[in-house]
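Have a look at the structure below, then the notes.
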Amino acid sequence: MKITGLALVPPPTAADLPKVTPELLASVLARYSRSNEGIAAILEKVDLANPDASIDRILKFVDYGHASIGGLTGGLAVALDDISMWLAYKLFDIAQMADGQESSTRYITMDATNLPSATEIGIPDDLAPRWTQVMAKSFAAYQTEYARLDALGTAEPERVRVPDNAKPAVIARIRKNYALDRARYFIPLATRTNVGLVQTSRMWATTVKHLDSLPHPEARAAAKLIREELMKQSPRLMRHSSAEKSFQAQASQELAQSLKLGLARLATAPLADQVWVQVDRSSPPWLQEEQSVAEALRHRGNRYGHQGTATRRMRVGFAWNNMAIAELRDLNRHRTGHRYTPLIQAGFYLPPEINPADHQGLLAEQAALTRELMERGSAAYVYSLLLGAQTPFEHSTHVDKFVYEAELRTGMGAHFRYAEHLSAVLAEFCQQVPEARDWVVEGTAEPE
């Protein structure tokens, strides 16, 4: 056995490794799959001084599918500054194989100056002044509640859970976060943020194609910019990233469904919180699962430990009828399986520390604006939502991934509302899979 390393950017101590462009790496590995020469022999035929000619020569050797080699490009990193929180959510929704990070709401500017223009996001001209006014009032409510809760947490320190023997700097940070995490439900989903994603050319092409097929001007503008940037690194593969009719048709149907459901839910009183869990233990008759759930779980030292086949093969779907977009944004980033939300406003969540009556006027104006945009069939209704808007959210995956998510989102440092959501789903899951109860570690969301 012989191993040869291929590096896009070799470390200083690995000068002997060939340095290749993303597309050259992909084409070499594609040629490798059609040969028994070995990687060294293929690399000897590559002219690193003229990689484009080498790529073309390899790809002409046989008809490689662009998608199959696009996945061999390695991680291509793209940072998107000053995009709306909605577009950040949508990127994570689409790019389910990507690794990425988004700026925390604790660190971005919370002011009306940190919004895109109404024209940029497709708000109808006659509604633009109204949208601007509602957004400004939302930021004002955020600032008011943050200041009040920050003072309350200082005046009544027993309200804020603080770890034993915490240092003064840690206590100050936790008290600040207590206020931030409860005031954040007034933040507009249109607020600008920053996102960095890393994925292969194949997945970037699909992501950009999807963005380019959406009815939102911001999404199409982002698709153009991402394509132009990645054409510098992977030009042949990014040519397959334009809008496509199947993506457009599904986007149109999903928008129609969201408008229909959203208008119906806006017209009715908010529903009590509900959860839904469906576990599927079925397996083929010639490959029955013999491991117990306890054996699959009990050997782990923590949530990162490896689980057995009993949970890795068991499927689970779980959903909430009322999840604030504030929580949806993070739970949407769990990459496995499929996630779905119509992204509507089915009621508005505020924590117990905030009195809804103090903001009744704002919330009525915001809901009326959302209704007006939906009645017009405008995809821009998403930019009228605040992070407190509740929406149904569904996630389907396998039990090992669910257990990880439940332990993470109820564990040390978890946001209080995450913990409520996951605790409710975990309780229902344990009703259906009682043998897991002793081996799944539900946390108490103690502050870090």
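Give the residues of the stretch 327-383 that are in a loop (DSSP other than H, G, I, E, B), modelled with pLDDT of 95 or more and of a type in the set (Ser, Thr, Tyr), sorted by residue number.
Hits for the stretch 327-383 are Thr341, Tyr349, Ser378.
Filter the stretch 365-407 for residues that are free of Cβ contacts under 8 Å to residues at least 40 places away in the same chain and within 16 Å of the chain's Cα centre (by Cα) and give the result. If you could, list the steps in order and put the result at the bottom.
Residues of the stretch 365-407 free of Cβ contacts under 8 Å to residues at least 40 places away in the same chain: 368, 406.
Scanning the stretch 365-407 gives no hits.
Is it true that Leu426 is free of Cβ contacts under 8 Å to residues at least 60 places away in the same chain and in contact with an Asp or Glu (Cβ under 7 Å, 6 or more places away or on another chain)?
It is true that Leu426 is free of Cβ contacts under 8 Å to residues at least 60 places away in the same chain and in contact with an Asp or Glu (Cβ under 7 Å, 6 or more places away or on another chain).
Is it true that Ala169 is free of Cβ contacts under 8 Å to residues at least 24 places away in the same chain and within 22 Å of Met374 (Cβ to Cβ)? Working first, answer last.
Values: free of Cβ contacts under 8 Å to residues at least 24 places away in the same chain: yes; within 22 Å of Met374 (Cβ to Cβ): no.
For Ala169, the condition - free of Cβ contacts under 8 Å to residues at least 24 places away in the same chain and within 22 Å of Met374 (Cβ to Cβ) - is not met.
Taking the stated definitions as given, is Glu353 in contact with a Pro (Cβ under 8 Å, 6 or more places away or on another chain), surrounded by fewer than 17 Cβ atoms within 10 Å (Cβ to Cβ) and within 27 Å of Met110 (Cα to Cα)?
Criteria not met by Glu353.
Counting just the residues of the stretch 406-448 that are assigned to a helix (DSSP H, G or I) and small (Gly, Ala, Ser), which one comes out surrounded by the most Cβ atoms within 10 Å (Cβ to Cβ)?
Only one residue tops the list, namely Ala406.
Considering each of Thr200, Thr268 in turn, give the residue that is of a type in the set (Ser, Thr, Tyr) and in contact (Cβ under 8 Å) with a residue 40 or more places away in the chain. So that I can check it myself, show each step before the final result.
Details: Thr268 fails: in contact (Cβ under 8 Å) with a residue 40 or more places away in the chain.
Result: Thr200 is the single residue among Thr200, Thr268 that is of a type in the set (Ser, Thr, Tyr) and in contact (Cβ under 8 Å) with a residue 40 or more places away in the chain.
Okay, residues lined up against (1) of a type outside the set (A, V, I, L, M); (2) in contact with a strand residue (DSSP E or B) (Cβ under 7 Å, 6 or more places away or on another chain):
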| residue | (1), (2) |
| --- | --- |
| Asn332 | yes, yes |
| Arg339 | yes, yes |
| Asn355 | yes, no |
| Ala364 | no, no |
| Glu375 | yes, no |
| Gly411 | yes, no |
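The values are calculated or read from the model by the stated rules, or taken from the named source; none is laboratory data. What you see is a predicted model; the values in this text were computed from it and never measured. All Cβ positions, glycine included, derive from the backbone under ideal geometry; neighbour counts span all protein chains shown.
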